[in-house]
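The values are calculated or read from the model by the stated rules, or taken from the named source; none is laboratory data. Small disclaimer: the values here were computed from a predicted structure and weren't measured. Please note: Cβ atoms are built from the backbone with ideal geometry, for glycine as well, and neighbour counts cover all protein chains shown.
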Amino acid sequence: MVAIHANEDGLRRDERLERLKLFGLSSPATLLILVILVIPVGWLFYVSFVGADGSFSLENYERMVSRKSYSRIFITTFQVSFLTTGLCILIGYPLAYFLSQLPPRLASLCMITVLLPFWTSLLVRTYAWLVLLQKQGLINSWAMSLGLWDEPIKMVHNMTGTLIGMVHIMLPFLILPTYGAMRAISQDYMKAASNLGARPRTAFWTVFFPLSTPGLFAGALMVFILCLGFFVTPAVLGGGKVIMVSMKIVSNIELFVNWGAASALGVVLLVLTMIILWVASRFLKLDQIAGGGH
Amino acid sequence: MATASKDALPITVANVTKTYGKVHALDDVSLEVKSGEFLTLLGPSGSGKSTLLMVLAGFTRPDHGSLKFGDTEVIRTAPHLREVGMTFQNYALFPHMTVAGNVGYPLRLRKRPKAEIAERVEKALETVQLGGFGNRRIDQLSGGQRQRVAVARAIVFEPRILLMDEPLSALDKKLRDQMQIELRRLHEKLGMTTVYVTHDQREALTMSDRIAVVNHGRIMQLATPHDLYERPANRFVADFIGDSTFLKVTRQGDRITWGDMALAHGAPAPDTAELAMMLRPERIALSDSGPVEGANNFAATAENVVYQGDSYLVQARLSDGAEIILRRAMSGATATTMPAPGDAITPTVAPEDTVLIDGREV
């Protein structure tokens, strides 16, 4: 006769041990995040509240509110991020759609060309745009020799150049999740829409597009957030005319050795990013529910 | 057959061929579906049955051939202009719309007034016994409920032809059996010309007015369930429907013999070089008292006896080494008289159950 609670304690111990082992697997990653993320961000936070005299002070934040140049920098940062995201959507969505309609093997081949820029150094790509876009650059000299325009057009060291470079770099971040979402849309949905009487265009807007928006939204969000903290491309292609938060952080440290001011900018950028993510996550859920309506 | 509704349309398929590379998905298929008929395309996977359905819906463009709904040629008509209802194997319900959103979709496309849409959606949902489910999300529904929504969406705009692509294959057996009867009842009520695709022979036998057995892109036989089961046209049909045993038989003058045993058979033998005898497991009797007068009596040894609840299955070996399978229904008495492995048994088959068919493999 076996007791009703036979082996109960042993089995529970096995269960606990198993969970402990599983947790152990994640400890290197946990440690890494603690050392390279939590501690530095905590330090950043602390430094931003230390004034020039070494005591607790809000002067780093007050400066941001009081000085016009700072608000202009934030406006520029958001402007560049919005425009880059918008252009990425306009270029990336149709491309992702085209890829999603190809046979899978051909699509992966084409996807390599989309990803190719990923495997090239960011700096190299940015300077390549400089070579192409500058006054005596390839595009201007070819266009003029072909007679397309007579005077060199200013395409770099301004907003235009910054946007061209940033869209090029950000495009894969938009295309990948959008393409993934589109691939997951069963062809049967489109067949069903068509069978029920929808013209191809109507079927696209009423069925395909709504089903692809989660991917598009995730991609756009990623692009936008990456843009907020972008440095190399606006620094090189903006020619000092497009000043984003990241560039101000660098000049605060390198030119003025003001860690407090730089940290405060970093904290504000981080907080803004987190607010955007939070709002976006709320919106995503809302969207799923509201999407049922029509 | 269901009474043909005045709006139902006959379908005429003529000489439709579709090749993928060298493979004939459809090989010169001609077929007529009568107005209001429930016709099933039955075949193994890859037989071409789904391709034919896709041609009817307009999603597959054949190489050549003609397709008429009523008197209208539609082979080049775009799918969205064909006005046929269709249900898909995985239902293809739009996940971003509610139940009412899905069912109302074809009506919104047709720009019906809002009040009319709401009314017709509710009526269609009631027809499939889902009244009041309009506000549910698709992911809140069970498999059977999704199936019903798919049907409601396919019938709500009152198409005159309904196509169904393996609609019950994702459901468990109990629900499938129940839905078969429900779909059949629905067909009787609405009277639409229905083309139904399945690989499940029992489903086909249960639901159809007529069944077209499809293999290698060709129609092997088009007949009523009864004729298909009792008088299969060839070896493929006989094999695909039911679990038959085939024994090679020979023609000697006007006699048909198996080994040196002359066979009594009901219908005349087909006029082919090779002949086979088809024995259905449930049509083979076991005689306890030796050979039965007037029937074909075989001598066999039981090898395996399997209890299956409602019946038992006997695998037996005939005197020439061929294996036959027979099934006997369970009743109180048979339970005790089940043969044991190794027993000598006398399977007997009545002449009308001894069906002779073309022996060639198709």
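Can you tell me how many residues in the stretch B:8-27 are surrounded by 15 or more Cβ atoms within 10 Å (Cβ to Cβ) and in a loop (DSSP other than H, G, I, E, B)?
3
Can you name the condition, by its number, that residue B:117 falls short on among (1) touching a helix residue (DSSP H, G or I) at 6+ places or on another chain (Cβ under 7 Å); (2) under 30 Å from residue B:29 (Cα atoms)?
(2)
Among the numbered criteria (1) touching a residue at least 12 places away in the same chain (Cβ under 8 Å); (2) not in a helix (DSSP H, G or I), which single criterion is violated by residue A:198?
The single condition residue A:198 does not satisfy is (1).
Would you be able to tell me the number of residues in the stretch B:298-331 that are surrounded by fewer than 13 Cβ atoms within 10 Å (Cβ to Cβ), hydroxyl-bearing (Ser, Thr, Tyr) and within 29 Å of the chain's Cα centre (by Cα)?
1
Which residues, taken from the stretch B:161-196, are buried (at least 24 other Cβ atoms within 10 Å of the Cβ) and under 21 Å from residue B:18 (Cα atoms)?
Passing the criteria: B:163, B:164, B:195, B:196.
May I ask you to list the residues in the stretch A:135-172 that are in contact with a Gly (Cβ under 8 Å, 6 or more places away or on another chain), of a type in the set (A, V, I, L, M, F, W, C) and touching a residue at least 60 places away in the same chain (Cβ under 8 Å)?
Narrowing the stretch A:135-172 to residues in contact with a Gly (Cβ under 8 Å, 6 or more places away or on another chain): A:155-159, A:161-162, A:171.
Now narrow it down to the ones that are of a type in the set (A, V, I, L, M, F, W, C): A:155-156, A:159, A:171.
Result: A:156, A:159, A:171.
Might you let me know whether the stretch A:166-181 holds any residue that is within 14 Å of chain B (Cβ to nearest Cβ) and not β-branched (Val, Ile, Thr)? Working first, answer last.
Step one: of the stretch A:166-181, the residues within 14 Å of chain B (Cβ to nearest Cβ) are A:181.
In the following step, the residues that additionally are not β-branched (Val, Ile, Thr) were identified as A:181.
Yes, the stretch A:166-181 contains a residue that is within 14 Å of chain B (Cβ to nearest Cβ) and not β-branched (Val, Ile, Thr).
Residue-wise test of (1) surrounded by fewer than 18 Cβ atoms within 10 Å (Cβ to Cβ); (2) out of contact with any Cys (no Cβ under 8 Å at 6 or more places or on another chain); (3) in contact (Cβ under 8 Å) with a residue 40 or more places away in the chain; (4) more than 8 Å from chain A (Cβ to nearest Cβ).
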{"position": "B:63", "(1), (2), (3), (4)": "yes, yes, yes, yes"}
{"position": "B:72", "(1), (2), (3), (4)": "yes, yes, no, yes"}
{"position": "B:91", "(1), (2), (3), (4)": "no, yes, yes, yes"}
{"position": "B:96", "(1), (2), (3), (4)": "no, yes, no, no"}
{"position": "B:103", "(1), (2), (3), (4)": "no, yes, yes, yes"}
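Keeping to the stretch A:74-125, report how many residues are of a type outside the set (Gly, Ala, Ser), in contact with a Lys or Arg (Cβ under 9 Å, 6 or more places away or on another chain) and under 24 Å from residue A:189 (Cα atoms).
Residues flagged as of a type outside the set (Gly, Ala, Ser), in contact with a Lys or Arg (Cβ under 9 Å, 6 or more places away or on another chain) and under 24 Å from residue A:189 (Cα atoms) within the stretch A:74-125 amount to 2.
Out of the residues in the stretch B:28-58 meeting the condition of being polar (S, T, N, Q) and assigned to a helix (DSSP H, G or I), tell me which one is nearest to the other protein chains (Cβ to nearest Cβ). Walk me through it before giving the result.
Let us first name the residues in the stretch B:28-58 that are polar (S, T, N, Q), namely B:30, B:35, B:40, B:45, B:47, B:50-51.
Those still in the list that are assigned to a helix (DSSP H, G or I) too: B:50-51.
Details: B:50: 12, B:51: 14 Å.
Per the stated criteria, the residue is B:50.
Being under 12 Å from the mean Cα position of the chain (by Cα) and assigned to a strand (DSSP E or B) is the filter here, so list the residues in the stretch B:205-220 that pass it.
B:210, B:211, B:212, B:213, B:214
Residue under question is residue A:91, and the condition is that it be in contact with a Leu (Cβ under 7 Å, 6 or more places away or on another chain) and of a type in the set (A, V, I, L, M); does it hold? Give the derivation first.
Numbers: in contact with a Leu (Cβ under 7 Å, 6 or more places away or on another chain): yes; of a type in the set (A, V, I, L, M): yes.
Yes.
Show me the strands (runs of 3 or more DSSP E) found entirely inside the stretch B:261-348 where at least 2 residues are within 24 Å of residue B:240 (Cβ to Cβ), in contact (Cβ under 8 Å) with a residue 24 or more places away in the chain and hydrophobic (A, V, I, L, M, F, W, C). Even if it seems obvious, please write down each step before you answer.
Numbers: elements: B:275-279, B:300-307, B:311-318, B:323-329.
The qualifying strands (runs of 3 or more DSSP E) are B:275-279, B:311-318, B:323-329.
Taking the stretch A:110-152 on its own, how many of its residues are surrounded by 15 or more Cβ atoms within 10 Å (Cβ to Cβ) and of a type in the set (Val, Ile, Thr)?
3
Give the stretch A:40-83 a look and list any residue that's closer than 13 Å to residue A:252 by Cβ, crowded, with 16+ Cβ neighbours inside 10 Å and of a type in the set (S, T, N, Q), or say none.
Selection gives A:48, A:60.
Out of everything in the stretch B:76-89 that is free of Cβ contacts under 8 Å to residues at least 24 places away in the same chain and in a loop (DSSP other than H, G, I, E, B), what residue ends up being nearest to the other protein chains (Cβ to nearest Cβ)?
Residues of the stretch B:76-89 free of Cβ contacts under 8 Å to residues at least 24 places away in the same chain: B:76-81.
From what's left, in a loop (DSSP other than H, G, I, E, B): B:76-78.
Working: B:76: 15, B:77: 12, B:78: 8 Å.
Within the stretch B:76-89, the match that is nearest to the other protein chains (Cβ to nearest Cβ) is B:78.
Here is a list: A:209, A:204. Which entry is in a helix (DSSP H, G or I), at pLDDT 95 or above and within 11 Å of chain B (Cβ to nearest Cβ)?
A:209
Residue A:183 - would you say it is under 19 Å from the mean Cα position of the chain (by Cα) and surrounded by fewer than 21 Cβ atoms within 10 Å (Cβ to Cβ)?
Working: under 19 Å from the mean Cα position of the chain (by Cα): no; surrounded by fewer than 21 Cβ atoms within 10 Å (Cβ to Cβ): yes.
It is false that residue A:183 is under 19 Å from the mean Cα position of the chain (by Cα) and surrounded by fewer than 21 Cβ atoms within 10 Å (Cβ to Cβ).
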